[in-house]
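Q: Pasting a structure below so you can have a look.
The values are calculated or read from the model by the stated rules, or taken from the named source; none is laboratory data. Not measured: the values here are computed from a predicted model. Positions of Cβ are backbone-derived with ideal geometry, glycine not excepted, and every protein chain shown enters the neighbour counts.
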Amino acid sequence: MGNLRSLNVLLLAIPLAFCSAPAGPWDAFNFAPASKTVWPTAVFHTEGSVTGADDLPGNKGAATLVGNGAWLALDFGLEVGGLISLNFDTVTPASSVNLAFTESSVFVRPDASDDGTQCTESMKYDGVFNIPAPLPSGPWTLPRASMRGGFRFLTIVSASDDPVTISNVSCSITFMPHVENLRDYAGYFYTNDSLSADADLLTKIWYAGAYTVQTNTVPGDSGRMWPLVPSPGWSTTGNLGVDGPIIVDGAKRDRTVWPGDMGIATPTQFVSTNDVIATRNALDVLFVDQEPNTGELYFVGPPIKGRGSDTYHAWTLVGARNYFMYTGDREWLDNLWTNYTKAVTFLTNKVDDSGLINITGLGDWARLGGGGHNAAGNAILYKVLTDAADLASHTDRTDEAAQYLAKAAALKEVYNTAFWDDAQGMYRDNPDTTLAAQDANSFAVLYNLTNTPDQATRVSEGLTKNWNDIGAVAPELPNTISPFASGFEIQAHFEAGQGERALDLIRREWGYMLSTNLSVQSTLIEGFTADGGIGYRSDTGYAGDLAYTSHAHGWSTGPTSALTFYLLGISLTAPQGAQWRFAPHTSGLPAAEGGFETPLGRFDVKWALAQDGSFTAELATPEGTEGVVDLANVVQTGTGPTRVLVDGQKVADGVGSPVSVAGGSRKVQIRSSTCAKKRK
């Protein structure tokens, strides 16, 4: 496949980190544990003859279980994953123990873990891990093959009539295998959400997204085994196609590379940990076995290696552009270019006489009605074409860039003719339906398929018709709230200039996800029902198995990058940030602070709106870079004519036009006539 290098060694061409984020009040909201060995923080439940259970949290002492079926459940306080160790202090030749693992407290039970191997109506496919008699005396560690990738609760059950005394129960975390200090982020974010009952809610959501993606970054030999192991049981020995760390879809399951999920998870990874090695490895395993004749890519990585999804094929191409923008890894892109362009051609070859792509590879994120001339699929193709043009432009392939732009322009014209429904003010999902899908309409605004700002505003407003108190219900997957689709929706609201609407949805949907005791209150659930239940897809693919839902899913982390790129307002417009944009959406908030890094250095921002109506931002970007400052979405309380100042010098009258600034330390201000009067 072209000259893409072998994946048998860990790829370390890109440094793991360049500079840690500065310390500040935001550190209090980082969910990542301070040590990769963690102990339970509380006893969740005991049943039967159990003594000393309260001494296990904090490793204060031992607990004894007497009698077959006696059990205790320990709470680690947040989502963890890895290898359980404990001491068997007192045992008899007949003593035996079972272990059960679960993310949600709903499925804490003595006879089964939650399900990560397969979904079944019984909700007990995985069962328990049995430690048979005779138990060893002293330390014991869960076998590597049975490592549990994501859980909050550990249930320990006596499986014999004889007593057993245990102590020193801990978990050795296996995610982020290449990083020792899980809290050492490259990025950070902080704001005071004065419009929420919890002023720290948005900051907590940002860090919950970051920690979720950390739990999804795993060793290359720890995927879900395929073919599946028989019930009861599980195995996390699947070969993910690379020796190094790799980003997968979920901590518990599927523990497999899914490129659509990366459309949300990779930007989260960039603005928080900047863990580009895991992203690059995931992209490489998707490209390495490209079909040589058609150019088709896997829509799911090893060990499953599935084909048959046009949209997930497209998401791999989106991921390639994201990775290059964040790293500027020209050697990687040049080695990949032949395969990349062949993969683009695989999609454009499906554009028929209508001018639209005919989606025949139907695999997708679980939405219904995605085949044929589908608005979502065509929007993603438009994104691929504009991304391809951008990559070609940045790598001096000007003729190819022009060709991709021409194809994108033609598609945009046909798209609006085929899908725009002026009566609804929305894009229909297919030319012969009136259903207006959440994903397609979000993509249309986010990827600039709209023709006018008014069109984008109407779509933004129309999307709110799907909302309830806890999120946006996806018309294309009835009775379902999909944080994946909603992650694109919040970006679309920002792009439409509706920042307060974007924050409203974040507070509803992610506020619920982070607060509900049905989930883990630290990482972000895969999806849920319209009434807040955890039976995501229970009747559309998951066989009624509520225990199968993942509670740490990277595709649910959309607010993390959105809050950085839009609310804070700092984003890249050229690889590594050689060119950048500062365009904050203040959205009713008084202040925000945060930043990230690239190989060029740090990009840090701090802005505030004062009571007199003035706006001040402090920017710190690498010397030698070039930026554009766009203050059109700064909500001002002052009146009268305004002036934009950079380092004390007026650069514009009014905020309607962007201004160019050089990199380095810059102070950007908005001043109005009323501000000046109040300061006198």
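Q: Mind listing whichever residues of region 201-250 are more than 21 Å from Leu83 (Cβ to Cβ) and without any contact (Cβ under 8 Å) to a residue 60 or more places away in the chain?
A: Within region 201-250, Pro227, Pro230 qualify.
Q: Still on this model: Please identify the pairs in which a residue from region 346-358 that is not assigned by TED's automatic domain parsing to the domain that holds Gly369 has its Cβ atom under 7 Å from the Cβ atom of a residue that is among the basic types (Lys, Arg), counting only partners at least 6 apart or on another chain.
A: none
Q: Quick check on region 249-278: of everything there that is on the phi < 0 side of the Ramachandran plot, assigned to a loop (DSSP other than H, G, I, E, B) and out of contact with any helix residue (DSSP H, G or I) (no Cβ under 6 Å at 6 or more places or on another chain), which residue is surrounded by the fewest Cβ atoms within 10 Å (Cβ to Cβ)?
A: Asp254
Q: Among the residues in region 570-578, are any more than 19 Å from the chain's Cα centre (by Cα), crowded, with 22+ Cβ neighbours inside 10 Å and either more than 24 Å from Gly77 (Cβ to Cβ) or of a type outside the set (Lys, Arg) (or both)?
A: Yes, region 570-578 contains at least one residue that is more than 19 Å from the chain's Cα centre (by Cα), crowded, with 22+ Cβ neighbours inside 10 Å and either more than 24 Å from Gly77 (Cβ to Cβ) or of a type outside the set (Lys, Arg) (or both).
Q: Of all residues in region 427-463, which are surrounded by fewer than 24 Cβ atoms within 10 Å (Cβ to Cβ), in contact with a strand residue (DSSP E or B) (Cβ under 8 Å, 6 or more places away or on another chain) and outside any loop (DSSP other than H, G, I, E, B)?
A: Gln455, Arg458, Gly462 - these are the residues of region 427-463 that are surrounded by fewer than 24 Cβ atoms within 10 Å (Cβ to Cβ), in contact with a strand residue (DSSP E or B) (Cβ under 8 Å, 6 or more places away or on another chain) and outside any loop (DSSP other than H, G, I, E, B).
Q: Restricting region 604-660 to residues that are surrounded by 15 or more Cβ atoms within 10 Å (Cβ to Cβ) and polar (S, T, N, Q), which is nearest to Gly577 (Cα to Cα)?
A: Per the criteria, the residue is Thr625.
Q: Does region 135-185 hold any residues that are part of a loop (DSSP other than H, G, I, E, B), over 20 Å from Asp114 (Cα atoms) and of a type in the set (Ser, Thr, Tyr), and which are they?
A: Once the filter is applied, which keeps residues that are part of a loop (DSSP other than H, G, I, E, B), over 20 Å from Asp114 (Cα atoms) and of a type in the set (Ser, Thr, Tyr), region 135-185 yields Ser137, Ser160, Tyr185.
Q: Take Pro110 and tell me if it is over 15 Å from His45 (Cβ atoms) and either touching a Gly at 6+ places or on another chain (Cβ under 7 Å) or surrounded by fewer than 21 Cβ atoms within 10 Å (Cβ to Cβ) (or both).
A: It is false that Pro110 is over 15 Å from His45 (Cβ atoms) and either touching a Gly at 6+ places or on another chain (Cβ under 7 Å) or surrounded by fewer than 21 Cβ atoms within 10 Å (Cβ to Cβ) (or both).
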